[in-house]
Amino acid sequence: MADFEIGDVVGCKKFGPMDHDFQGVVEKVYNNSIMVSINDFDPADKSGVNELNGRAVIRQDEAKMIKAVPREDKDTDDEEESKDTKKKPAKRKKTTKKADKKD
């Protein structure tokens, strides 16, 4: 299974109201599927694209990578996360003053 990222151009198989394969750009990545904005499709499928509001959710194993956006090194992401998750100083507990009752 390919790792998809937002902005990748993918090829998708026909399904539902679509009679032909189509291409789109990844808008959101889920665990096992991706949301694709349909950009390149057969003119005969225009009503199907309108019915889907120009978007489709596709299983990742059925999508074919056509053009990938540049990827960042995952090592730098790990370093940034470790900087963000450094132990923060413990907050001091607020003390409450009890008023002594005078009899």
What are the extents of the Cα atoms of region 31-77 along their three principal axes, in Å, largest first? 45, 20, 17
Tell me the GluC sites (Glu not before Pro) within region 18-79 that lie in a loop according to DSSP and have at most 10 other beta-carbon atoms within 10 Å. 72
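Could you pull out the trypsin sites (Lys or Arg not before Pro) across region 1-66 that fall in loop regions by DSSP (anything but H, G, I, E, B) with no more than 12 other Cβ atoms inside 10 Å? Provide the component values of the computation, followed by the final result.
Working: sites: 13, 14, 28, 46, 55, 59, 64; in loops: 13, 14.
Sites meeting the loop and neighbour criteria: none at all.
Taken together, the values in this text are just the output of simple stated rules run on the coordinates, not laboratory data. Everything quoted here is computed from the prediction, not taken from an experiment. So basically every Cβ, Gly included, is an ideal-geometry build from the backbone, and we count neighbours across all protein chains shown.
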